[in-house]
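The values are calculated or read from the model by the stated rules, or taken from the named source; none is laboratory data. What you see is a predicted model, and the numbers here were worked out from it, not measured in a lab. Cβ placement follows ideal geometry from the backbone for every residue including glycine, while neighbour counts extend to all protein chains displayed. Please note that ligands, DNA and RNA were not included when accessible areas were found on the heavy atoms of the full protein model with its side chains. Shrake-Rupley method; radii C 1.70, N 1.55, O 1.52, S 1.80 Å.
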Amino acid sequence: MRHVIALDVGGTGMKAALAGPGGELLHQARRATGRERGPEAVVAGILDFAAELRALGAERFGEPAGAAGVAVPGIVDAERGVAVYAANLGWRDVPLRTLLGERLGGIPVALGHDVRTGGLAEGRIGAGQGADRFLFVPLGTGIAGAIGIDGRVEAGAHGFAGEIGHVVVRPGGIPCPCGQRGCLERFASASAVSQAWAEASGDPAADAADCAKAVESGDARALAVWRDAVDALADGLVTALTLLDPRVLIIGGGLAEAGETLFSPLRDAVRQRVTFQKLPEIVPAALGDTAGCLGAGLMAWDLLDTASAAPTASPAATAATDPEVTT
């Protein structure tokens, strides 16, 4: 059976799958990144994990995987196949596409940014399915974004497209590690809400989920924290929809798990702020933590589809052995 390898590498763990032609996950596995042992060990772990999946696929389905897709955090040069930088993994300029291609017997390999890869899956087979324009915004430790256009995700000229978390919504506000003050993710990410609620409640162990529960019970302190976060998020989203005019706005990540406790006030806040803009449909993400693997699988199938459609091997399909990508 034809299949591809899909890898989603996070800060602490890796999710992997063998994906079938329809994007279905035929086999799933998880493993720690081992980042405490350093970046070289993380890369070695990724290569070993991928090789194990290749062997498993060949044994189970009678043929090896035709391609592989991998999603990684941080700064990614998808065109060159290089993982440029990831603070939480400690690596710089890792030619991951080349390394994986060599380890996997020369099959084509696609490398993508984790949020954009998850956005690709949400747009094609998740909450944005059928929409020609969408914006995917996961609210987690930080806030990022994926801009979907006609079934693909826009990376930008330098790979930074969609970084909505660093739109300044409160000028002169809380300092951000990026160097600015008042960035959206300092007010509306799950970690920002957790910090604000821990301070307001006096419980250092309290988090965003606890805040949401307190909101549901009518706690005035929680309502104030939640309102501040929703207002900041609405300000950032209206800036984004003014620039991008998406048909669907998909909200995911840990904060979205609050359901209508988040979505009802957020829809109202966005509606109150729009003037001439068209209000997009605002929906929760549908794929949860499988989005990254699903997206990586879609990237891999895209390589095979491109190669089969071309009279000769496409640049994307041959890039796994690109001699210009070096350490």
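In region 137-161, whose amide N lies under 20 Å from the spot 7 Å out along Cα-to-Cβ of residue 84? List them in ranges. Taking a point 7 Å out along Cα→Cβ of residue 84, the residues of region 137-161 whose backbone N falls under 20 Å are 142-148, 153-161. Rolling a 1.4 Å probe over the protein heavy atoms gives the chain an accessible area of 44 Å² per residue.
Length available on full extension from residue 154 to residue 26: 0.36 nm per residue minus the Cα-Cα distance, which gives 43.3 nm. Placing a label point 7 Å from the Cα of residue 224 along the Cα-to-Cβ direction, none of the residues of region 257-271 has a backbone N under 17 Å of that point.
All C-alpha pair distances within the chain, sorted into 20 Å bins from zero, spread as 32, 55, 13, 0 percent across the bins.
In terms of packing, defined here as the mean over residues of other Cβ atoms within 10 angstrom, the peptides 270-283, 250-263 line up highest first as 250-263, 270-283.
Per-residue packing, averaged as other Cβ atoms within 10 Å, sorts the ranges 228-236, 61-69, 87-95, 294-302 into the order 294-302, 228-236, 61-69, 87-95, beginning with the highest. With a cut-off of 15 Å between beta carbons, the residues surrounding residue 192 carry a summed charge of -3, where Lys and Arg count +1 and Asp and Glu -1.
Atom-type composition of the exposed protein surface of the chain places 52 percent of the accessible area on carbon and sulfur (1.4 angstrom probe). Of the residues 242, 12, the one with the largest accessible area comes first in the ranking 12, 242, computed with a 1.4 Å probe on protein heavy atoms. Here the chain is treated with +1 on each Lys and Arg Cβ and -1 on each Asp and Glu Cβ, and its dipole about the Cα centre works out to around 160 debye. Label-to-label distance for residue 205 and residue 279 is 4.2 nm, based on points extended 7 Å past Cα in the beta-carbon direction. Bridge orientation summary for the chain: considering DSSP beta bridges with both residues in this region, about 60 percent are antiparallel. Phi angles across region 254-264 convert, under the Karplus curve 6.51 cos²θ - 1.76 cosθ + 1.60 with θ = phi - 60°, into 3J(HN,Hα) values of x, 5, 5, 5, 6, x, 5, 4, 8, 5, 4 Hz, Gly and Pro given as x. In loop segments of region 29-119 as defined by DSSP, the GluC sites (Glu not before Pro) with at most 16 further C-beta atoms inside 10 Å of their C-beta are 79.
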